[in-house]
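Student: This structure is in structure tokens; I'll ask about it shortly.
The values are calculated or read from the model by the stated rules, or taken from the named source; none is laboratory data. Since the structure is predicted, the reported quantities are computational estimates derived from the model, not experimental observations. In this analysis, Cβ positions are derived from the backbone assuming ideal geometry, glycine residues included, and neighbour counts consider all displayed protein chains. Calculation scope for accessible area: heavy atoms of the full protein, side chains included, ligands and nucleic acids excluded. Shrake-Rupley method; radii C 1.70, N 1.55, O 1.52, S 1.80 Å.
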Amino acid sequence: MGLLSDGETPEWHPAKPELKNAVKQCIDLVRSSNEESKISLAEIAESYAFSYGDVDVHLVGAKTAQEVEHAFRAYSRAQKLQLYASGKYEDDNIQNIYDQIKTTLEPFAEYTWPSPPGNA
């Protein structure tokens, strides 16, 4: 739905403003570190999600070939790192970004919204 993508969250997204603001902080963090890290928020989020061992299917939306490539890189990275099981990135800069993102989004770990939203 575009919440953890590298662009702006769509206006129609049903997440509460506090979560959208936290995601914006994460996007800004990744962008400010991108010279060194060469990673996107979407790749970090996908790497974490792909590392879940008890999930049979992962659904990823992509609008461009570059987004598909990011998803494949994230999947490959996830199989090696196993972030969900306390794995670590080899690159300390990326690990630092990941840790800050995880801390920022932790309060929303169990947050859900109606689907479809009530005004759909």
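Student: Anything in the range 103-120 that is open to solvent by 60 Å² or more (accessible area, probe 1.4 Å) and at pLDDT 85 or above? List them, or say none. Can you show your working first?
Tutor: Applying the first criterion (open to solvent by 60 Å² or more (accessible area, probe 1.4 Å)) to the range 103-120 yields 103, 106-107, 109-116, 118-120.
Result: T103, E106, P107, A109, E110, Y111, T112.
To keep it simple, each residue is scored yes or no on (1) polar (S, T, N, Q); (2) closer than 19 Å to M1 by Cα.
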position: A74; (1), (2): no, yes
position: L81; (1), (2): no, no
position: G87; (1), (2): no, no
position: D92; (1), (2): no, no
position: T112; (1), (2): yes, yes
position: S115; (1), (2): yes, yes
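Student: If you go through the range 70-82 one residue at a time, do you hit one that is at pLDDT 85 or above, over 15 Å from the mean Cα position of the chain (by Cα) and of a type in the set (D, E, K, R)?
Tutor: Among the residues of the range 70-82, not one is at pLDDT 85 or above, over 15 Å from the mean Cα position of the chain (by Cα) and of a type in the set (D, E, K, R), which makes the answer no.
Student: Name, by its number, the condition in (1) in contact with a Phe, Trp or Tyr (Cβ under 7 Å, 6 or more places away or on another chain); (2) under 21 Å from S115 (Cβ atoms) that does not hold for Y84.
Tutor: The single condition Y84 does not satisfy is (2).
Student: Could I ask something else about it? Return yes or no: is K38 among the basic types (K, R) and in contact (Cβ under 8 Å) with a residue 24 or more places away in the chain?
Tutor: Working: among the basic types (K, R): yes; in contact (Cβ under 8 Å) with a residue 24 or more places away in the chain: no.
It is false that K38 is among the basic types (K, R) and in contact (Cβ under 8 Å) with a residue 24 or more places away in the chain.
Student: In addition: Any residue at all in the range 107-118 that's in contact with a helix residue (DSSP H, G or I) (Cβ under 8 Å, 6 or more places away or on another chain) and assigned to a helix (DSSP H, G or I)?
Tutor: yes
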